[in-house]
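> Could you have a look at this structure, given as structure tokens, before my questions?
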Amino acid sequence: MTAAQVVAAFNELDPAGSASMRTARLYDLEGWPESRRRPSPRVLGLLARIYQTTARRLVTDQTYGTYAPGDRELIDATDYRHLDPCQRTSLIPAVPGMSRATMDPTGAWPVRAPAATSGPRPAECAALFRALTAEEADVKRRELLFELAVVLGGVPALRLLRHLTPDEEARLAQAVQGTGRVDAQTVTAIEKLIAHCWEVGETYGATKLVSLADAQRDVIARLLGRESLTPALRDRLVAAYSGLSHMGGWLSYDLLDYAGAVRRYEEGVEAAHEVRHAGLIAHLHGCLAHVAVSQGKAAKALDHAYAAQSWAMESPSRLQQAAIAHPVARALADAGKGEDGLRLLDRACELAGSPRTEEDPSHLLWCTPTITQRNVSYCLTALKRADQALHAGERALTGIGRTFPKTRGFVLAEQVTALIQKREIAAAAHRLEEVARIITEHPSARLLDTVRTARRRLHPWATNTHVTALDEKLRHLGVTA
């Protein structure tokens, strides 16, 4: 690529001009540190996308060490190799097989069978070592954090460990090493890590977070199988295991690894049954309904949806009941009962708008009237009431804004279907291009699959000028098959 081509591509990717490029500036950046114009993480991200590589490969070790810890995380997480047709990377990587974890309270908690692909790879260990060397002067604490991060999921785990106090880090390390007992403070430290897991999703993506969730599940499984715990501490650890099963299942689902998602969800259901947590049981059945809907298994989706609805009534959380209405409504819509789904969502919208209470789980913060409108749009589209579906979708998009790009992408993709129903092909093509642009910045195998499915619905208009232009833009963005 010539300098002029790079500059043109850079400015095309940054139409707002927030980091506009000129040829002289490009040369200035390439000459750093002599030029004293160090590239920002955002500029590195745009250049990595143009060169179809990782941002980390664009800076030397010395330059990398000059960035703040948060900026280094962004640099480590920026990876556009999937845009390079010569690369063998994929949005849907192989996920190591998991042995089924028994919920036998007598202590038999098998961990994943060791595999050649398990654990952080050498490159990830090197990235972890660089990050720790740059920000942690105390050698002993650096070694402790390195050991914990390796066991708990690599570089993403380092960000989670920053939420712990030095005493909590030491207690957790002793428990993991088997040199200390698991007490209330240790369990609290584990719960704090899990509480912050979802926060790193946009930074690291689903692939790395699956490994993060699985690694932490393995640690908990080992503690449950090894330690003699009080009933209260055991219940807290089992609940934590169930929560990580939920997280790993959802991430696997986003990677289109349906078998892996179902396996993790079912293990989470077993754990939730052991601690008699009706809300978790309901939520995981709802997640299983989502997977079945995506697979086109309407009957199985309804089975899980009705089970989720029943268990949600046992939960003291009204927000849990609102959240369960979403997969139930989708399952009903796919089974030809969209009107029943809409009635259910009316009640869910009211519940989701109620003030939060201590009974409401933190992982349901996403459950708002805005997200309920997204599911209203889904049901209306299934009923072929396109105008109403588009109106509900616009209300959802207004509420979502730009804060949750992938959620926005799914709403836009559902609007494409409604626009096709109205035979508004130009508008449908424009919306689908917008979804494709989201994928290039926030990779998601499930959203990519949604784009491909929507494009297949446009097949009858394959020679339409707007559709052929869309195909060209999809090829340019690197999101076609």
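> Does anything in region 431-466 have its amide N under 13 Å from the 7 Å Cα→Cβ label point of residue 402, and if so which residues?
In region 431-466, the label zone of residue 402 (backbone N under 13 Å from the point 7 Å along Cα→Cβ) covers 438.
> For a protection proxy built on the mean count of beta-carbon atoms within 10 angstrom, sort 418-428, 314-324, 171-181 highest first, please.
Peptide ranking by packing, descending: 314-324, 418-428, 171-181.
> Using a 1.4 angstrom probe on the protein heavy atoms only, line up 313, 247 by accessible area, largest first. Intermediate values should be presented prior to the final figure.
On the way: 313 130, 247 5 Å².
From most accessible down to least: 313, 247.
> How big is the charge dipole of region 259-343 about its Cα centre, in debye rounded to the nearest 20, if each Lys and Arg gets +1 on its Cβ and each Asp and Glu gets -1 on its Cβ?
Details: 9 positive and 9 negative charges, 35 e Å.
So the magnitude is around 160 debye.
> Can you tell which of 458, 403, 444 lies farthest toward the positive end of the dipole of region 317-466, using +1 and -1 charges on the Cβ of basic and acidic side chains (Lys, Arg; Asp, Glu)?
458
> What ranking of 362, 245 comes out by heavy-atom accessible area, probe 1.4 Å, highest first? Display every interim value, and only then the final one.
Values: 362 85, 245 0 Å².
Descending accessible area places them as 362, 245.
> Shifting gears a bit: I'd like the accessible area for residue 71: 1.4 Å probe, protein heavy atoms, all chains in place, Å² to the nearest 10.
50
> For region 335-394, with only Lys/Arg (+1) and Asp/Glu (-1) charged at the beta-carbon, what is the dipole magnitude about the Cα centre, in debye rounded to 20?
260
> Here's another thing I want to ask about it. Keeping every protein chain in place, order 264, 456 by accessible area at 1.4 Å, biggest value first, i.e. largest first.
Working: 264 0, 456 145 Å².
So the residues, ranked largest to smallest area, are 456, 264.
> Ignoring everything but the protein chains, give the 1.4 Å probe accessible area of residue 440 in square angstrom, nearest 10.
Here the residue's solvent-accessible area equals roughly 0 Å².
> Hey, could you pull the Cα Rg and Dmax for region 308-454, both in Å?
Rg then Dmax for region 308-454, in Å: 15.5, 48.
> Can you give me the relative contact order of region 250-298 as a percent, contacts being Cα pairs under 8 Å and 6 or more apart?
Numbers: 29 pairs, mean separation 16.3, N = 49.
Value for region 250-298: 33 percent.
> Over region 325-481, what is the relative contact order in whole percent, taking alpha-carbon pairs under 8 Å and six or more residues apart?
17
The values are calculated or read from the model by the stated rules, or taken from the named source; none is laboratory data. Predicted, not measured: the structure shown is a model, and the values here were computed from it. Reconstructed Cβ throughout: ideal geometry from the backbone, glycine too, with neighbour counts over all protein chains shown. For the accessible areas, the whole protein counts, side chains as well, though only heavy atoms, and no ligand, DNA or RNA atoms are used. Shrake-Rupley method; radii C 1.70, N 1.55, O 1.52, S 1.80 Å.
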